[in-house]
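The structure appears right after this line, and notes come after that.
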Amino acid sequence: AARLRAWNSLDWELYAHLNRSFWRRAEAFGAARLREEVARLRQHRAALARRCLQGGGPLPARAIPDGRLRPFQPPGRAQILGYALRAGLPPAERERCARLATPELQYKDILDQRQFGGGNAS
């Protein structure tokens, strides 16, 4: 246990610092105002999900036909869910929706490509 604490001490200190910083800022922003902003954000997210996503929410990877939107499945029993886009979206909206639904590894590859160019794909 001591070795694990030592190994993770920097992560814990960073988490604790950011957590304290968040709550100071949240208090300065105002609890009621923060709740309103969170509610608006959730409403906007739900509207985007209805407009963009097949089924309106996450799906098992095997149910996602577009391989570019299928999340990596690590070995073992954990199942990572992802998102499939609704059929028939106009091209501009499909692009916008795909950007929101892209899994983190594929998104990282897109960022790497934009930042560094070349073939830095995972």
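Just so you know, all these numbers are worked out from the coordinates, no wet-lab data involved. Note that this is a predicted model, so its numbers are computed, not measured. Cβ: placed from backbone, ideal geometry, glycine included. Neighbour counts: every protein chain shown.
Values computed for the structure shown
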quantity	calculated
Dipole of the stretch 1-69, positive end: most advanced residue of Leu18, Ala6, Phe29 [Cβ charges, Cα centre]	Phe29
Net length gained if the chain between Ala39 and Asp112 were fully extended (0.36 nm per residue, minus Cα distance)	23.0 nm
0 to 90° range, to nearest 10: angle between helix 31-52 axis and the chain longest Cα axis	20
Structure-derived P(r) over Cα pairs in 5 Å bins from 0, in percent - corresponding label in (1) 2, 10, 19, 21, 18, 13, 8, 5, 3, 1, 1, 0; (2) 2, 9, 12, 15, 18, 21, 17, 6, 1; (3) 2, 9, 12, 12, 12, 16, 17, 13, 6, 1, 0, 0	(3)
Förster-model FRET efficiency, 41 Å R0, Ala47 and Leu10, C-beta, rounded to 0.05	0.55
Dipole magnitude (debye, nearest 20) for the stretch 54-121, charges at Cβ of Lys, Arg, Asp, Glu	140
Whole-Å distance, taken between Cα centres, linking the stretch 89-117 and the stretch 13-52	24
Helix 9-29 axis, angle to the chain major axis (alpha carbon atoms, nearest 10°)	80
Contour excess over end-to-end distance, with Cα ends at Glu95 and Ala78 and 0.36 nm allotted per residue	3.2 nm
